[in-house]
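Beneath this line is the structure, given in structure tokens, with notes to follow.
All of the numbers you see were taken from the coordinates with simple rules; none came from a lab. Computed from a prediction, not measured in an experiment: that's the story for all the values here. All Cβ positions, even for glycine, are placed from backbone atoms using ideal geometry, and neighbour counts span all protein chains on display.
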Amino acid sequence: MKVLKGLTSVGLSLSMAISLAACSSTPQQSAPASTPQQPAAPTTEAPKPEPAQPQPAAEKVKLVYARGKDVTESTKKLVEAFQNAHPDIEVEIRETPSDTGQSHDQYVTMFSAQSSEIDVFDLDVIWPAEFAQAGYLLPLDRLIEQDGIDTGKYIKGALDAGNFGGQQWTMPKFIDAGLLFYRKDLVKEAPKTWDDLIAQAKATKGKDGTKFGYLMQAKQYEGLVCNFVEFAAAYGGKILDEQGNVAVNNPGTIKGLKKMMEIVKSDIVPKNITTFTETESHTAFIEGQSPFIRNWPYQFALAQDQTQSKIVDKVAIAPLPSGDVRSAAALGGWMGGINKYTKHPKEAWEFLKFMTGAEGQKISAVSGGLAPTLLPVYSDTDVQKASPLFANQDFVNGVSAAVSRPTSPIYPKISEVIQIEVSKALAGQQTAEQAAKNMETKMNELMKK
């Protein structure tokens, strides 16, 4: 998603190893077998030995890795580290447009033509299902199993975003997730539940010049979907089930939407909260207008920016409040995948495995400020020094609570349905039950097409 990608690269640029199972390097290509010789005729003289034939050098394989523009040196450093470990593989970095929609369309055009022009590429977390169904991705399960990769060490939500139809199609590179930021000079302890947050927001509103109690993103756009997914999951709801069937009309989703409606209609948020995106909400927060905000990790760096923030050194981080079931954070971030039509699948896997493994994620965290998806990397001393977020257990707990948005090859259409129906509910034009029923009906119609 364009918003998430942009915010991630800005947000964690404050700066930003435990290893997976040992990875075998790509074997050198063996020399072709020599042509069998005919038996020599008998002779009384000892046969002269054949002169040794020089063996051809192993051919160097070149991979093309496509990704969006990197304003840091992390991608370059990651590629250099990989090439040092795999001197028989060369990696060319190819930049795609910074607009993720344009990148998506370029990939679709390329893969539809079964092009092998690129080998490894980055995907937004909402693309894997679409690309897997279209046949653009190389399945990874056999490769993961043969190299003994412990997928249990990855943040579950991040890994799940690359799973479709019971198969793993991508590996998670870095994560973005919704978090709760609060004024530690006004709030003694972060709220544990959404009801706690409402009570604290009401009690704190007006203190130290604050105008509101809570800020969020409630405009009709993708950010609204993320907030809705968080409320629904917190109360045990879901949009699609594990088989990809529509499951949105359930008690948990309805209860989560009701809580979201309660907050939006309350006096703890701005009256025009349904016009707020990340920009409006983060601006109000750094101007000191609210003790609480739900936002992405970039909010912390912004709050610490002395050139524009009035709340420097006054902000703490916590996981989003829990509902009846859990704390849930909408997943953002990027994945890595292999083009199904690559001519070098073995070498492409070696690079993807390195990039999303412990060493690659450490480089991305330290040099690029990207939050790891491999949990042991957060324990690395260099990673913790790179950003205060990475050493903050509340941050780690927060991103670990990440849940993916509906994993579906028609996600953009599902998102549109959610945006419309949830917006109507927040505007008081329909009940939560009606919204859930309408979403169910419209999503099922989309599934039939």
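Here are the numbers:
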| read-out | value |
| --- | --- |
| Order by protection proxy (mean Cβ within 10 Å, highest first), peptides 402-409, 378-385 | 402-409, 378-385 |
| Distance histogram for the stretch 237-389 (every C-alpha pair counted, 5 angstrom bins, percent rounded to whole numbers) | 1, 7, 11, 13, 15, 15, 14, 12, 8, 3, 1, 0 |
| Inverse of mean 1/r across different Cα pairs in the stretch 340-449, Kirkwood, Å | 17.7 |
| Per-bin percent of Cα-Cα distances, the chain [10 Å] | 4, 20, 28, 23, 13, 5, 3, 2, 1, 1, 0, 0 |
| Simple label model, 7 Å out from Cα along Cβ direction - Gln114 to Asn245, nm | 3.5 |
| Rg and Dmax [Cα atoms of the stretch 349-394; Å; Rg one decimal, Dmax integer] | 10.2, 33 |
| Normalised per residue, the volume of the convex hull around the Cα set of the stretch 119-265 (Å³) | 160 |
| Fewest-first sequence of Glu59, Glu433, Glu347 by Cβ atoms within 10 Å of each Cβ | Glu59, Glu433, Glu347 |
| Packing-based exposure ordering (other Cβ within 10 Å, fewest first) of Lys346, Lys362, Lys449, Lys153 | Lys449, Lys346, Lys153, Lys362 |
| Antiparallel DSSP beta bridges within the chain, percent to nearest 5 | 65 |
